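Chemist: First, the structure itself, so that you have it in front of you.
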Amino acid sequence: MEPVCLDPIGLVRSPYKEKFAVPRQPGLVTRARARLEILPPYNEPSAFRGLAEFSHLWLVFVFHHTREQGWNPTVRPPRLGGNERVGVFATRSTFRPNPLGLSVVQLLDMCRDGSKVWLELGGVDLVDGTPVVDIKPYLPWADAVPGAHGGFAPAPPDISMEVIFSPAAELACERSSIPELKEFITEVLVQDPRPAYKRVAQSWQQYGVRLYHYNVRYEVFGQLTRVLSITEEE
């Protein structure tokens, strides 16, 4: 069979500038806002006629940060502590034979300015610059199956992390032009994006993550995360 070629129809502009700290599933960080910029020739407004009637969308996208690393038949899901291997097709791992992902997002608005067409989205779990190859409307009566089984991930992750801010970080949030920046950072860090093996450490560990145009420095010990600083990138 001949290879199948996919043409991106748009690019995601999101606050996640790197893979680290991206939520492991969509909808976990409700304040995560993003823009899907539609590329020519797909920026034809008629192609989106009727889409505004739907509250949520399916995005089919490319794992562009990991596609060069190829695929693995087995992977270690974070939900299993990163120690147990399962088949790649039993997971949503990025290391797939074809680096395609599927994400459900909230449609907040549809916008047009001249030849530019874009969608404002909420609850995203996509890295900035992610290529999108298709959009499909989410149908609650068909896509949410009552009584479905979630395998080794039967329920949402247990979130018990407490996030606090230093005075300097509090001030940076107050002065930021990003709406609800403190709440957004809190939602991201409460997910505890560290690798599973790091969560057993018995001392303070420092980390950094790029969100919007900020470098966020924080430290973690046990179930407490403390945001140390929020500085603009140079």
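The values are calculated or read from the model by the stated rules, or taken from the named source; none is laboratory data. What you see is a predicted model, and the numbers here were worked out from it, not measured in a lab. With ideal geometry, Cβ positions are generated from the backbone for all residues, glycine too; neighbour counts draw on all protein chains shown. Heavy atoms of the whole protein, side chains included, go into the accessibility calculation; ligands, DNA and RNA do not. Shrake-Rupley method; radii C 1.70, N 1.55, O 1.52, S 1.80 Å.
Chemist: Percent relative contact order of segment 33-109, based on C-alpha pairs within less than 8 angstrom and at least six residues apart?
Modeler: Over segment 33-109, the number comes to 38 percent.
Chemist: Something else about it: Please list, by residue number, every one of the chymotrypsin sites (Phe, Trp or Tyr not before Pro) in segment 199-231 that is coil in DSSP and has at most 11 other beta-carbon atoms within 10 Å.
Modeler: In loop regions of segment 199-231 (DSSP not H, G, I, E or B), the sparsely surrounded chymotrypsin sites (Phe, Trp or Tyr not before Pro) are TRP204.
Chemist: As a test of the formula, what do you get for the chain when each DSSP H run with n ≥ 4 contributes -39,500 (n - 2.57) and the sum is divided by the residue count, at 222 nm and rounded to the nearest 500 deg cm²/dmol?
Modeler: One gets -2500 deg cm²/dmol as the mean residue ellipticity at 222 nm.
Chemist: Still on this structure, I have one more. About the Cα centre of the chain, what is the dipole size in debye to 20, counting +1 per Lys and Arg Cβ and -1 per Asp and Glu Cβ, all else neutral?
Modeler: With Lys and Arg at +1 and Asp and Glu at -1, about 580 debye.
Chemist: Take every Cα-Cα pair in segment 168-226 and report what % of them are more than 16 Å apart.
Modeler: Considering segment 168-226, 44 percent of its Cα-Cα pairs are separated by more than 16 Å.
Chemist: Accessible area per residue of segment 162-232 at 1.4 Å probe, in Å²?
Modeler: 52
Chemist: Additional query: Please name which of MET161, VAL200, LEU171 has its Cα lying farthest along the dipole of the chain towards the positive end, using unit charges on Cβ (Lys, Arg +1; Asp, Glu -1) and the Cα centre as origin.
Modeler: VAL200
Chemist: Related question: To the nearest 10 Å², what's TRP58's accessible area with a 1.4 Å probe?
Modeler: The value for TRP58 is about 60 Å².
Chemist: Just GLN69, GLN106, GLN25 to compare: in a GNM of the chain, with alpha carbon springs under 10 Å, which one fluctuates most?
Modeler: Answer for the Gaussian network model of the chain: GLN69.
Chemist: Show me, bin by bin at 10 Å from 0, the whole-percent P(r) of segment 125-234 based on Cα pairs.
Modeler: Taking every Cα pair in segment 125-234, the percentages come to 11, 34, 29, 20, 6.
Chemist: State the answer as a single residue: which of VAL209, PRO78, SER115 lies farthest towards the positive end of the charge dipole of the chain, with beta carbon charges of +1 for Lys and Arg and -1 for Asp and Glu, about the Cα centre.
Modeler: PRO78
Chemist: Whenever you get a sec, compute what percent of the accessible area on segment 1-89 sits on carbon and sulfur atoms (1.4 Å probe).
Modeler: It is 53 percent, rounded to a whole number.
Chemist: Express in whole angstrom the spacing between the alpha-carbon centres of segment 95-160 and segment 176-191.
Modeler: 20
Chemist: Here's something else I'd like to know. Please list the equivalent ellipsoid semi-axes of the chain, computed as the square roots of five times the alpha-carbon gyration tensor eigenvalues, in descending order and whole angstrom.
Modeler: Working from the Cα gyration tensor, I get semi-axes of 30, 25, 17 Å.
Chemist: Among ARG85, ARG217, ARG35, which one moves the most in a GNM of the chain with springs linking Cα atoms closer than 10 Å?
Modeler: ARG85
Chemist: Please compute the alpha carbon radius of gyration of segment 10-143, then divide it by the globular-protein estimate 2.2 N^0.38 Å. Two decimals is fine.
Modeler: Cα Rg divided by the expected 2.2 N^0.38 Å: 1.11.
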